[in-house]
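Here's the structure we're looking at; comments come further down.
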Amino acid sequence: VGLHGVALLLDPVMHFTVPVVLVPGLAPWRPLAVAAGIVAAWLMLALAGSFHFRRRLTQRRWRLLHYLAFAAFAGALGHGLTAGTDLRGTTGLLVAGGLIAPALWLIWIRILVPRLPPVARRPIDAS
């Protein structure tokens with residue numbers, strides 16, 4: 001994600017500035033598509049940084065925070081399909097399908113497969 005932002009800053013055609021790369025809604029070219037990518041990048045950064053604070057969060061808050069991964073995935077995929085030129089036409093649909101299919105499968109499994117109760121931890125006998 002960071003490399004993509006730097007590449008945009010160095011692109012001689014687009015002329016993106018640092019604020020345009022970091023702030024959603026400032027891009028003059030396809031502003032909604034670019035904003036989706038920027039928001040997705042910020043969400044991914046927040047999720048990556050959240051591992052540092054894992055011990056300070058309750059399990060419920062940790063899980064709720066990580067549901068943002070779905071929004072980041074959708075935003076990044078939408079950005080790639082609408083802002084870029086690499087994923088146009090059939091190739092873009094195949095790439096999107098290749099990304100969406102396993103994600104939907106894992107979500108489906110997560111919903112359908114019942115969770116096992118937590119295993120009670122027993123102290124280890126030191127003798």
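Quick note: the coordinates plus some simple rules give every number you see, no bench work behind them. None of these values were measured; they are calculated from a predicted model. So basically every Cβ, Gly included, is an ideal-geometry build from the backbone, and we count neighbours across all protein chains shown.
Think of the chain as a dipole: +1 on every Lys or Arg Cβ, -1 on every Asp or Glu Cβ, centred on the Cα centre; then among Leu116, Val34, Thr82, Leu116 lies furthest on the positive end. As a length-normalised measure over Cα pairs under 8 Å and 6 or more apart, the relative contact order of the chain settles at 17 percent. Helix screen, the chain: DSSP H segments with Cα axial length of 24 Å or more and mean Kyte-Doolittle hydropathy at least 0.0 are 31-50, 89-112. Below 8 Å, C-alpha to C-alpha, sequence gap of six or more: please give me the relative contact order for the range 42-100 in percent. It comes to 28 percent, rounded to a whole number. Remark on the chain: hydrodynamic radius 17.5 angstrom, per the Kirkwood mean of 1/r across alpha carbon pairs.
In the range 59-109, the inverse of the mean reciprocal separation of distinct Cα atoms equals 12.2 Å; this is its Kirkwood hydrodynamic radius. Rounded, prolate or oblate for the range 1-63? Axes are the square roots of the Cα gyration tensor eigenvalues, ordered a ≥ b ≥ c, and the cut-off for rounded is a/c under 1.5. In terms of gyration-tensor shape, prolate. Available extension along the chain between Leu57 and Leu112 is 17.1 nm, counting 0.36 nm per residue and deducting the alpha carbon span.
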